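Below is one structure, written out as structure tokens; comments come after it.
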Amino acid sequence: MIGQSVFIIIIVFIALYVILPFVITRILGIGVIRKGENSQEVAFTFDDGPNPVYTPLLLDLLRKYGVKATFFVLGEKAAAYPELIRRMQREGHLIGVHNYTHRMNILMPPWVVRQDVKRSADVIKSITGKRPHYYRPPWGIFSLPDLLLIKRYTFTIWSVMSFDWRRDTAEKKLKDKLMRQLAYTLNLKKEGAIVLLHDCGNTWGADSEAPKYMLLALEKVLSELKSNAIHYVRLDQMTLASSEMHDVNEAVELPL
Ligand SMILES: [Zn+2]
């Protein structure tokens, strides 16, 4: 009897703590930015860096094609490579928060998540002089308390995901996958695309060399899209649906 009660409590806990926020954010898109309103806009976003090898190469590539992007950086890596954060800022990119270390929010108590995000934001602010407003948790996974606690950030997920963190995908299929998904999002769904990519592969489940192939694929994508009338925007420049703009406006700068 006790065993059955414990089982029910665990199921209810998982449903409320993990599945409900997943449905709210990933499926219903409530409280998060996940797409744009203008089908000529593409927002490239890069998670898990900065990385001393791949991030400089990525910044060179973005500069070559005149692309402004958004970086969701880990606090510990920002602290280790502040010059790369300064370069991102200098070259006109937007910097957002991706936790201090690459840990899943649902495996940490909500108050630890809050401290982790604040610690990251403090590191970014100490380097750039600006407090970040955009937040994407590792794997895009929120717990229910995160949605209530972290009111000051604009939660961001994505509309184009291509498994670029796997070396096999990045090396052989990434360019075609990205082109297909961009065409589907921009031309068929008539939406602006938020593209998830990674400039560091030193996280759980990723291949450390994957960014090398992501860079090769991205260069081909940018080269092929060159003649199209696409605007590459940072997340704060993206045209959003009114429901999503509401979330941006709510992200006010309050001391934690
Ligand atoms: Zn990540």
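Applying the criterion of being touching a helix residue (DSSP H, G or I) at 6+ places or on another chain (Cβ under 6 Å) and in a loop (DSSP other than H, G, I, E, B) to the residues of region 40-68, the residue that is surrounded by the fewest Cβ atoms within 10 Å (Cβ to Cβ) is Tyr65. For region 205-232, taking the residues that are modelled with pLDDT under 95, touching a Lys or Arg at 6+ places or on another chain (Cβ under 9 Å) and not in a helix (DSSP H, G or I), the one that is surrounded by the fewest Cβ atoms within 10 Å (Cβ to Cβ) is identified as Gly205. So for region 133-150 (the condition being within 16 Å of the ligand (Cβ to nearest atom), closer than 18 Å to Leu58 by Cβ, of a type outside the set (Ser, Thr, Tyr) and outside any helix (DSSP H, G or I)), does at least one residue qualify? Looking for residues that are within 16 Å of the ligand (Cβ to nearest atom), closer than 18 Å to Leu58 by Cβ, of a type outside the set (Ser, Thr, Tyr) and outside any helix (DSSP H, G or I), one finds at least one in region 133-150, hence yes.
Here is a yes/no grid of residues against (1) of a type in the set (Phe, Trp, Tyr); (2) free of Cβ contacts under 8 Å to residues at least 40 places away in the same chain; (3) within 16 Å of the ligand (Cβ to nearest atom):
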position: Asn51; (1), (2), (3): no, no, yes
position: Pro56; (1), (2), (3): no, yes, no
position: Arg87; (1), (2), (3): no, yes, no
position: Tyr100; (1), (2), (3): yes, yes, yes
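Please indicate, with yes or no, whether at least one residue in region 179-186 is at pLDDT below 95 and aromatic (Phe, Trp, Tyr). Among the residues of region 179-186, not one is at pLDDT below 95 and aromatic (Phe, Trp, Tyr), which makes the answer no.
If you check Val117 against the conditions, is it within 16 Å of the ligand (Cβ to nearest atom), surrounded by 17 or more Cβ atoms within 10 Å (Cβ to Cβ) and not hydroxyl-bearing (Ser, Thr, Tyr)? Before the answer, list the steps.
Values: within 16 Å of the ligand (Cβ to nearest atom): yes; surrounded by 17 or more Cβ atoms within 10 Å (Cβ to Cβ): yes; not hydroxyl-bearing (Ser, Thr, Tyr): yes.
Answer is yes for this residue.
Which of the residues that make up region 102-114 are surrounded by fewer than 19 Cβ atoms within 10 Å (Cβ to Cβ) and either away from the ligand (no atom under 16 Å from the Cβ) or over 28 Å from Glu83 (Cβ atoms) (or both)? Break it down stepwise before answering.
Of region 102-114, the ones surrounded by fewer than 19 Cβ atoms within 10 Å (Cβ to Cβ) are 103-104, 107-112, 114.
Passing the criteria: Met104, Leu107, Met108, Pro109, Pro110, Trp111, Val112, Arg114.
The values are calculated or read from the model by the stated rules, or taken from the named source; none is laboratory data. The structure displayed is predicted, hence computed values, not measured ones. Because the Cβ atoms are built from the backbone with ideal geometry, glycine has one as well, and the counts that use them run over all protein chains shown.
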